[in-house]
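See below for the structure under consideration.
The values are calculated or read from the model by the stated rules, or taken from the named source; none is laboratory data. Small disclaimer: the values here were computed from a predicted structure and weren't measured. Quick reminder, even Gly has a Cβ in these numbers, built from the backbone with ideal geometry, and neighbours come from all protein chains shown. For the accessible areas, the whole protein counts, side chains as well, though only heavy atoms, and no ligand, DNA or RNA atoms are used. Shrake-Rupley method; radii C 1.70, N 1.55, O 1.52, S 1.80 Å.
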Amino acid sequence: MDQTQVDAASTLNDERARRLADRAALYAAGKNPYPEHSDVTDYVADIEKNYADLADGEDTADVVKIGGRVVAKRGQGKIMFIVLRDPTGDMQLFCRINDMPEDAWELLGELDLGDIVGAEGVVVRTKRGQLSVAPRKLTLLSKAVRPLPEKFHGLSDKETRYRQRYVDLIVNADVRETFAKRSRIVSAFRRYMEDNGYMEVETPILQTIQGGATAKPFITHFNALNQENYLRIATELHLKRLLVGGYERVFELGRIFRNEGMDLTHNPEFTTMEAYRAYSDLEGMKELAEGVIKAANAAVNESEQIEYQGTTIDLSGTWPSRPMTEIVSEVMGRELTLDTPIEELRAAASECGIEVNSAWGPGKLIAEIYDEKGEPSIVNPTFVCDYPVEVSPLAKRHEDDPRLTHRFELVIAGHEYANAFSELNDPVDQAERFRKQVEEKFAGDEEAMEYDEDYVRALEYGMPPAGGIGIGIDRVVMLLANQASIRDVLLFPHMKPERGSANGAAAARAKEDEEAAQAASVYAPNKVPTIDYSKVAVEPLFADFVDFDTFSKSDFRAVKVKDCVAVPKSKKLLQFTLDDGSGTDRTILSGIRAYYEPEDLIGRTLVAITNLPPRKMMGIDSCGMIISAVHKEGDEERLNVLMVDDSIPAGAKLY
């Protein structure tokens, strides 16, 4: 913690102590700073609407009762001005000593920013044209003993904003509006689905079988049944059981849990809408996706031409459909299909920087190239169709080409927003695909599905032909509210525990785990830790000497990680915002995404070379290099970022 942070913490503690003393004094004087009863009948937005035509300098006799938080205070002598914030807006309290009883006037002088008060008075417009309430009565409803921060914007405060979302909402109107938009978007989804004959249902979150998607699950213990359960990774298989049971159109809006990484568009806990319609197909799902997203956009935006992170997105018209191979061929500048020789496809994948697995077939290679190059190239809404069967274990095969499936993903601005299928309803085919998934799981794929015997049994009773779709609600909110990070559309995103804070789950661990937990709090865990040191191989030491003057020109510094995010459209790069002790944030990009979760590195102290010339990476200037230790285990290269004691100050030079 630098001197500025120390001074800020000291100031906070002093101010909080003063306010706690004021609270105690109120109780000592027989005044309750947290009364049970309050009387609020009016809201700022309604007052502004009803008195929009009130002339400057005009008073009314109309009495209103409002309540809210004090966000500004000024004035002296016989006139004071208070700005009160309620859920609908800000209203000035035009306080005049002759209008108020003595105790209410005294309370004005005792108020702090952040206090919540109730005001009863008449509506007036000042001579300067400010619509106001002139209080006749003022009541303290809640004493704020912790002061609001003076500055709550900026990159350095992101972690604080996410962790203390309640403060973020108090001081940032744009954040409140984002979450108001989220509420309207979710409501629009429900209205659209119900208006189109879909029934909303609820399916289990705790499940004994990992299915409906390929993802790594969270595992929890069910005490009553002494049974291990998964938190669901999808709602699909339960919803399709309902089609077997006779419902024709069903949907569920709910939380999904996947024990995977976090970046700008991924969070382990997220919200989806899955919907299934009997006697429908991919065309029906395209109509549904386009209709529901347009309805959600209409709830929060005035036009179907929207801005998303500096790019204009056109949501109007009928959205086009394009085969995956067509998009891959376009971005690669030559035709690539499932009939292209396998060696040519492998070479194309390597050309894109993809590490090719020798077991991959043509479909998997095409899909990998698409993920790396094709998807990021798409701007306006596009249904990407004809997915290879290797990457679509639950979709129906094409009748004329069994290597392809009836599946699409809706892509907008380089990201997936929906995934849809003409659903597989052949129980024998489904059972065989489950078996293949089980083989992959035994081979070490943690994300592969398990064999769901009951679901196969349900299909054996007969499920009608159907279309199914899953839509990522969080990403739709990001798009329609123009937010770059999924954390900005989640009210309470997951965060690592604050240093030194008690954690319920951690406290429940056995005594023998305590040392490991302490070590993890100092060093961010590597996704692929070294375990068998007998397999470790290190590069031989350099035999050639380097003269001391050359070596000393490299400026190695301790740097504090203020923020770390995955670089959009890159599978390898993390973008660091660093405190290097200079007072100016430094940006360095590092290809370590395969080894570390970005949020695990925030707050760590690393070592970087800071005097390298800027280097463009994904269009971003990288000003330096993060230092890592590299070794090999067999044919695989492993990497560990060099982390040092957090007590070392930012900018400390290494010798």
> What are the pairs, 6+ residues apart or on separate chains, where a residue within the stretch 375-394 that is in contact (Cβ under 8 Å) with a residue 60 or more places away in the chain has its Cβ under 6 Å from a residue that is charged (D, E, K, R) and assigned to a helix (DSSP H, G or I)?
Replying inline: Phe383/Lys286; Pro393/Arg433
>> For the list (1) more than 24 Å from Glu368 (Cα to Cα); (2) without any contact (Cβ under 8 Å) to a residue 12 or more places away in the chain, I need the number of the one condition that Pro341 fails.
In response: (1)
>> Please count how many residues of the stretch 414-468 are over 30 Å from Ser316 (Cα atoms) and either of a type in the set (S, T, N, Q) or in contact with a Lys or Arg (Cβ under 6 Å, 6 or more places away or on another chain) (or both).
In response: 8
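Okay, residues lined up against (1) among the hydroxyl-bearing types (Ser, Thr, Tyr); (2) over 28 Å from Lys441 (Cα atoms); (3) surrounded by fewer than 22 Cβ atoms within 10 Å (Cβ to Cβ):
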| residue | (1), (2), (3) |
| --- | --- |
| Glu194 | no, yes, yes |
| Thr203 | yes, no, yes |
| Gln207 | no, no, yes |
| Thr214 | yes, no, yes |
| Phe218 | no, no, yes |
| Glu287 | no, yes, yes |
| Glu290 | no, yes, yes |
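Among the residues of the stretch 223-272, how many are of a type in the set (Lys, Arg) and either under 28 Å from the mean Cα position of the chain (by Cα) or assigned to a loop (DSSP other than H, G, I, E, B) (or both)? Explain how you work it out, then say what you get.
Taking the stretch 223-272 as the starting set, the residues that turn out to be of a type in the set (Lys, Arg) are 232, 240-241, 249, 255, 258.
Cutting the leftovers down to either under 28 Å from the mean Cα position of the chain (by Cα) or assigned to a loop (DSSP other than H, G, I, E, B) (or both) gives us 232, 255, 258.
The total comes to 3.
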> Pairs, please: C-beta under 6 Å, at least 6 apart or cross-chain, first residue within 16 Å of Ala188 (Cβ to Cβ) and in the stretch 300-312, second part of a strand (DSSP E or B) and at pLDDT 95 or above?
Replying inline: Ile306/Ile313
> Of all the strands (runs of 3 or more DSSP E) wholly in the stretch 297-413, which have at least 2 residues that are closer than 24 Å to Ala215 by Cα and either out of contact with any Lys or Arg (no Cβ under 9 Å at 6 or more places or on another chain) or open to solvent by 20 Å² or more (accessible area, probe 1.4 Å) (or both)?
Replying inline: 404-412
> Are any residues in the stretch 86-123 assigned to a loop (DSSP other than H, G, I, E, B), more than 44 Å from the chain's Cα centre (by Cα) and of a type in the set (A, V, I, L, M), and if so, which ones?
Replying inline: Met100
> Can you tell which of Ala104, Ala55 is over 30 Å from Ala180 (Cβ atoms), at pLDDT 95 or above and open to solvent by less than 60 Å² (accessible area, probe 1.4 Å)?
Replying inline: Ala55
> Restricting to the stretch 232-272, what's the tally of residues that are polar (S, T, N, Q), open to solvent by less than 20 Å² (accessible area, probe 1.4 Å) and more than 25 Å from Ala188 (Cβ to Cβ)?
Replying inline: 0
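From the residues in the stretch 542-583 that are open to solvent by 60 Å² or more (accessible area, probe 1.4 Å) and within 18 Å of Thr605 (Cβ to Cβ), which one is nearest to the chain's Cα centre (by Cα)?
Taking the stretch 542-583 first, the residues open to solvent by 60 Å² or more (accessible area, probe 1.4 Å) are 542-551, 553, 557, 562, 568-569, 571-572, 582-583.
Filter once more, so that each one left must be within 18 Å of Thr605 (Cβ to Cβ): 557, 562, 582-583.
Values: Arg557: 32, Lys562: 18, Ser582: 31, Gly583: 29 Å.
Looking at the filtered set, the residue picked out is Lys562.
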> Since Ala448 meets every condition but one in (1) open to solvent by less than 20 Å² (accessible area, probe 1.4 Å); (2) closer than 30 Å to Lys294 by Cβ; (3) part of a loop (DSSP other than H, G, I, E, B), which condition does it not meet?
Replying inline: (2)
>> Here is a check on your reading of the model: is Val64 in a strand (DSSP E or B) and in contact with a Leu (Cβ under 8 Å, 6 or more places away or on another chain)?
In response: no
> Does the stretch 498-505 include one or more residues that are charged (D, E, K, R) and at pLDDT 90 or above?
Replying inline: no
>> Condition first: at pLDDT 90 or above, out of contact with any helix residue (DSSP H, G or I) (no Cβ under 9 Å at 6 or more places or on another chain), surrounded by 15 or more Cβ atoms within 10 Å (Cβ to Cβ) and under 24 Å from Ala234 (Cβ atoms). Can you find one or more residues in the stretch 171-190 that meet it?
In response: yes
